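The structure appears below as structure tokens.
Every read-out reported here was derived from the displayed coordinates using simple, explicitly stated rules and does not represent laboratory data. Quick caveat, the model's predicted, so the values are computed rather than measured. We place every Cβ from the backbone using ideal geometry, glycine too, and count neighbours over all the protein chains shown.
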Amino acid sequence: MKKIMLTFGLFVLLGSIFISCDQNRYYEKNEAIDQNIWYYRDAKTFEVDIVDSLQAFNFYINVRNTIDYEYANLYFFIKTELPNGKLAVDTIECQLANLEGKWLGSGSSEFRDNSFILRQNMRFTQKGMYRFYLKHGMRSDSLQGIADVGIRLEISK
């Protein structure tokens, strides 16, 4: 009986830890890349409804790559469409491997998961629907080894 109670208590404790770790998530979506080959023309679109222009957020880019990816980094073109229709474009670089070629992020088999902070404590100036378009900005038209890309907004404390 003690063993059952201990197992149940451990399960409840671990469950509450996982739930509390993600309580700041406002939005997160990851898009799978067909056959782990990301073509330049294949922009991934994310729509986020911002209801409070005073709320501060931490903005992340999520990348899941395979160990077959042939580069150490990944450039993104991020186009943001604001609720009023105006556009903003940004370019960012995400480092997927260190100088020695060791993969960064979590994972121990074929896949590596990374989350890169793009902006901290940012505020959206307008309420409404924001659209984010992600395309890769590498010189090759097709990238072998990119499995998923996405964005995450966390409420900043």
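Look at the dipole of region 28-155 built from charges on Cβ: of Tyr71, Phe124, Phe57, the Cα furthest out on the positive end belongs to Phe124. Any idea how many Lys pairs in the chain come in under 22 angstrom at the alpha carbon, given 8 or more places apart or on separate chains? Number of lysine pairs found: 13. D for the chain, whole µm²/s, Stokes-Einstein with Kirkwood Rh over alpha-carbon pairs at 25 °C and 0.890 mPa s: what number? Value of D from the Cα-based Kirkwood radius: 141 µm²/s. Taking GluC sites (Glu not before Pro) across region 34-96, the ones in a DSSP loop with at most 13 further Cβ atoms lying within 10 angstrom of their Cβ are Glu70.
Springs between Cα atoms under 10 Å define the GNM used for the chain, and in it the highest mean-square fluctuation of Arg139, Arg123, Arg64 occurs at Arg139. Put a dot 7 Å past the Cα of Ser115, heading toward its Cβ, do the same for Lys127, and the two dots end up 2.8 nm apart.
Think of each Lys and Arg Cβ as +1 and each Asp and Glu Cβ as -1; about the Cα centre, that makes the dipole of the chain roughly 500 debye.
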